[in-house]
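Following: one structure in structure tokens, then a few remarks.
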Amino acid sequence: MMSTQCAATMQHRRPSLRPFIITRSTFAGAGRSVGKWLGDNYSSWWHYRLSIRSTLAFTSFYQMPMVGADVYGFAGNTTESLCARRAMLGAFAPFYRNHVEYMPSISQEFYRWDVVAKAAKKAIEIRYRLMDYIYTALKGQSRDGTPSVTPMCFAYPKDEDTFGLEEQYFYGEGLLVAPVVEEGATSVEVYLPRDEFYDWYSGKRIEGQGRNIKVDGVGLTDIPLYLKGGVIVPLRTEGAMTTDELRQRDFELVVPVGKDGTAKGRLYIDDGVSLVQKGVTDVEFKYAKGKLTVKGKFRFGGKLKIKKITVLGKGKKGKRDESEEVSVQVHLPLTGEFEINLPELGRI
């Protein structure tokens, strides 16, 4: 009741703008009005792991789309390694905040350790490039209830081996996040269902066999990320310091081809603050047989451009482990449908 009243009061004060309220205590239905942080957690590896399953519970079961834990932990003294791991994991939750009690815990800003600053910069860069992708997922949750962050079993309900997975998950529909969760570890076991996956950093195809793979060499500035085949991911070409600056960046599309040789995705953009929009960009992408079809409304974003398209999984020679990268300058129309024939655009 307090949460919803706060939202109503904020809306009364600024009728044209969305209220943004974060609460600690919630009840069923609160996600319609407010976001949530997961309370006074501790600077411990146990609470680091617990934050993953707690976030999944709130996004997927309780319909609280905007949720996350205090990065590093609120109470107790953190460590350099825990800070680095948490700085990276926190970037892949809807709500991302470094927060600590004033006394007696030590200060834990990102810049206090060189390795933590490096880890945070890397994760924040990826987060900002993905901002429109996760915003689209959040819009989807408000539209039809499809969770924006989900446990593995939501994507693979027939695979019983996904039912107990609590420490890897999907950020949006297409990005698999699999963090290191043990103190001192530099490797992690990642379960890949029988499907097509692609390494986020290299684009290399990995065929899921319905079993764990061991990922070694995961340093304090690394977090394993995988793209799910068949899900097109819209990205900004580079990161930024603010969301306003980010909106000046062009787009690129990453097209990880699924087992059937196709992929699809969606992009939703609005002004980010208004309750009633004057115009939005809401488009669907479909890829098949070398052609990318773009269909929908393009009514927000200024001189919005798709600058680059990368198809993962099937290059010109038809080999499943190749990728094809094409440079494009597509100025999107106001509305309608058009096709991009990728093979004709040449290869870099």
Q. Where in the stretch 34-153 are there helices (runs of 4 or more DSSP H), lying wholly inside it, with at least 3 residues that are hydroxyl-bearing (Ser, Thr, Tyr)?
A. 45-60, 131-144
Q. Only one residue in Leu292, Leu275 is crowded, with 23+ Cβ neighbours inside 10 Å and of a type in the set (A, V, I, L, M, F, W, C), so which one is that?
A. Leu292
Q.
If I filter the stretch 243-265 down to residues being over 17 Å from the mean Cα position of the chain (by Cα), outside any loop (DSSP other than H, G, I, E, B) and not acidic (Asp, Glu), which single residue comes out as surrounded by the most Cβ atoms within 10 Å (Cβ to Cβ)?
A. Ala263
Q | Test set (1) buried (at least 18 other Cβ atoms within 10 Å of the Cβ); (2) charged (D, E, K, R); (3) out of contact with any Ser or Thr (no Cβ under 7 Å at 6 or more places or on another chain) - Glu166 fails condition number | A | (1)
(Q) What's the number of the only condition in (1) crowded, with 20+ Cβ neighbours inside 10 Å; (2) farther than 19 Å from Gln63 by Cα; (3) in contact with a Ser or Thr (Cβ under 9 Å, 6 or more places away or on another chain) that Tyr171 fails to meet? (A) (2)
(Q) Return the residues of the stretch 105-126 that are out of contact with any strand residue (DSSP E or B) (no Cβ under 8 Å at 6 or more places or on another chain), without any contact (Cβ under 8 Å) to a residue 60 or more places away in the chain and surrounded by fewer than 19 Cβ atoms within 10 Å (Cβ to Cβ); say none if nothing qualifies. (A) Ile106, Ser107, Tyr111, Arg112, Asp114, Ala117, Lys121
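What number of residues within the stretch 225-242 satisfy the criterion of being in a loop (DSSP other than H, G, I, E, B) and within 30 Å of Gly272 (Cβ to Cβ)? Before you say what the answer is, go through the steps one by one.
We begin by selecting, within the stretch 225-242, every residue in a loop (DSSP other than H, G, I, E, B); these are 229-230, 232, 237-242.
From the residues that got through so far, the ones that are within 30 Å of Gly272 (Cβ to Cβ) too are 230, 232, 237-242.
Matching residues across the stretch 225-242 total 8.
Quick one: is Tyr268 in contact with a helix residue (DSSP H, G or I) (Cβ under 9 Å, 6 or more places away or on another chain) and either assigned to a loop (DSSP other than H, G, I, E, B) or among the aromatic types (Phe, Trp, Tyr) (or both)? If you could, list the steps in order and put the result at the bottom.
Working: in contact with a helix residue (DSSP H, G or I) (Cβ under 9 Å, 6 or more places away or on another chain): yes; either assigned to a loop (DSSP other than H, G, I, E, B) or among the aromatic types (Phe, Trp, Tyr) (or both): yes.
When the stated conditions are applied, Tyr268 passes them.
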Q.
Checking Ile213 against (1) at pLDDT 95 or above; (2) surrounded by 18 or more Cβ atoms within 10 Å (Cβ to Cβ); (3) among the β-branched types (Val, Ile, Thr), only one condition comes out false. Which one?
A. (2)
Q: With the checklist (1) under 21 Å from Leu176 (Cα atoms); (2) without any contact (Cβ under 8 Å) to a residue 24 or more places away in the chain; (3) surrounded by 15 or more Cβ atoms within 10 Å (Cβ to Cβ) in hand, flag the one item Phe61 doesn't pass.
A: (3)
Q. Is it true that Lys259 is in contact (Cβ under 8 Å) with a residue 40 or more places away in the chain and in contact with a strand residue (DSSP E or B) (Cβ under 9 Å, 6 or more places away or on another chain)?
A. yes
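The values are calculated or read from the model by the stated rules, or taken from the named source; none is laboratory data. Since we're looking at a predicted model, the values are computed, not measured. With ideal geometry, Cβ positions are generated from the backbone for all residues, glycine too; neighbour counts draw on all protein chains shown.
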